[in-house]
Amino acid sequence: MSDVALGSHVGGHRLTVSRRWRRAGLVVAGWVAFLGFWTFASHNLVNPFILPTPATVAEEMADIVTSGELFEHFQWSLMKTLAGFALAVAIGLPIGFLMGRSRWWRAFFHMPVTVAGNIPGITYAVMALVIFGIALEGPILAVALISMPYIAINVAAGLDGIDRGLEKMSHVFRRSGRQIARHVLVPTVIPFVFAGVRLSFALAWKVEAITEVFGSSNGVGYMIRQSYDRFSVAGILAWMFFFVFFILLMERFVLQPAEKRLFRWRPKEATA
Amino acid sequence: MTTHVVAPRTWPLRFAASDAGAQTASVLVGLVLWQLLGMGVERIPVPSEVLSFFWEELTSGVLFAAFYNTLDGFTIGLAIALVVGIALGIAIGLSDLVRAFCNDIVLVGLAVPGVIWALLAILWYGFSWKAPVAAVALTATPFIAVNVAQGVKATSRDLIRMSRSFGVPMHKRIRHLVLPSVMDYVFAGFRFAVIMGWNAVLLAEWFGGRDGVGYQTRTFYDSNDFTGFVSWVVFFIVFIVLLDRLVLERVARRTFRWRAQPAEGGGH
């Protein structure tokens, strides 16, 4: 099975050189067609207030960059998101630990954790609004609540898959509980904490923005709200693109490489 | 070592140690925490207040009317998302050309938060019924498309190749080979789309609705009535949790009971 996959991969490699150019050309063509249709639509199908042209949105984006707003508000949002993740790890790690080590605690936390991970983001935004009003803590709490279940579930799964033999052997060789925790449990669990953060990153970043739309005095969500209050579709679209680029860049250049590094020790899966 | 006297495991003890006991304990602890929070924080009502408020809204008919209005837009939006998402997903999964054309745009669509679609939909359609529908459809479509595309890619290459060499026409290939094998991916995507769509419809109603659950919640928030506000939040959470746990999960289990293992669908 893996031979076949390997063979086709090697064979495919020579092909992909010319194919890659074709693909890249198609992707560019896709974007050109998209932007072309968008321009056409905003000139001919609807009025430019409803759908500003790509050029207008690009101008708006340039304004946001040069005025320094981009840096300022992304900094705020990012800081709140990171603080939220820190809180999520602080709550999710012990819960995941209990869930991974004991059947009773697993049953105890199963429902709250799955429910917390599956309810819509607006819930956390309004909860933050009730508890903190318009304050920095709101988005932090929202991020913590939405990503905590992912961290807990991943840690529990990680502990589940821990090498029981290794643990038993450590006992046989009279390693102390602390040594086992330090050299067996912690190294196993850390990558899974990260996996939880990575899985929930896009979701947390969105909930952070929703919370800021509801009530905040800075951050990306706050700027989206400002654009909405000015009835500026161009403003919303401009911030939307920054928002999306940020997620895609984080995924590609930070989270995926980091995940690969942390899970290096794992045998490669045999999927093509 | 001290000798432990092992107590005969009577019913209450056995129950407390069982999974059901743990679940019961979890619910009880949750209620107690809520009660304490409600007594400590002035703006949060205690469970009994929410319950009596629920009864009030139920008997006056407000609850039913609001959910009816919201579900109206919600189901139309989801239906649109389902049709467009499945078509788009199959096209992306089957054709390299379509994939190169649309993949990036769908990925961008995945990353756009529901709140942006909701705000845009309101600016586009004003305070009409179309705004929540558009918000739900725009939010949910990429999730379904991505899942379906994944399912198409997971369809057995050998079967596709074989049917191609035997000259099975395209529409039959889709009908008899692709569709059955993508059904569980469609379902996984749909379940996620339901949650995302519920978020979007509430947001659209909160910012620009004239009726519905989101609008009701907003009205109580604006009039500083925190008992009403928190109660409505509880209503819409309970609704989506019940829908997910009691309906969607059961349907998934029923639909795929012929499988040895339930499929773990790709999330977002």
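Which order do B:128, A:200, A:147, A:102 fall in if you start with the one that has the fewest other Cβ atoms within 10 Å?
Ascending number of Cβ neighbours within 10 Å: A:102, B:128, A:200, A:147.
Arrange the following residues from fewest to most other Cβ atoms within 10 Å of their Cβ: A:111, A:99.
With the sparsest Cβ surroundings first, the list reads A:111, A:99.
Counting only other chains, what is the mean number of Cβ atoms within 10 angstrom of the Cβ of each residue in peptide A:111-121?
Counting Cβ atoms of other protein chains within 10 Å of each residue's Cβ and averaging gives 6.
Could you name the lysines whose alpha carbon sits less than 16 Å from that of residue A:260, not counting residues in the same chain fewer than 8 places away?
The reachable lysines, counting only those whose Cα sits under 16 Å from residue A:260, are A:268.
Report the longest stretch of chain A that contains none of the chymotrypsin sites (Phe, Trp or Tyr not before Pro) sitting in a DSSP loop with at most 15 other Cβ atoms within 10 Å.
A:50-172
On the Cα set of segment A:56-271, report Rg and Dmax in Å, please.
Considering segment A:56-271 through its Cα atoms, Rg and Dmax are 20.3, 70 Å.
Using alpha carbons only, what's the Rg to Rh ratio of the protein assembly as shown with Rh from Kirkwood?
0.99
Report, to the nearest 10°, how far helix B:114-125 tilts away from the longest principal axis of the Cα atoms in chain B, using its own Cα long axis and a range of 0 to 90°.
70
Count neighbours as other Cβ atoms within 10 Å of each site's Cβ, and list the chymotrypsin sites (Phe, Trp or Tyr not before Pro) in segment B:136-230 that are DSSP loop with at most 12 such neighbours.
Qualifying residues, ordered by number: B:166.
Pull out the extension gain between residue B:176 and residue B:245, defined as 0.36 nm times the separation in residues minus the alpha carbon to alpha carbon distance; nm, one decimal.
Taking residue B:176 through residue B:245 to full extension adds about 21.8 nm, to one decimal.
For helix B:179-208, report the angle its Cα long axis makes with the longest principal axis of the Cα atoms of chain B; keep it between 0 and 90° and round to the nearest 10°.
50
Taken together, the values in this text are just the output of simple stated rules run on the coordinates, not laboratory data. Here the structure is a predicted model, which means the values were calculated and not measured. With ideal geometry, Cβ positions are generated from the backbone for all residues, glycine too; neighbour counts draw on all protein chains shown.
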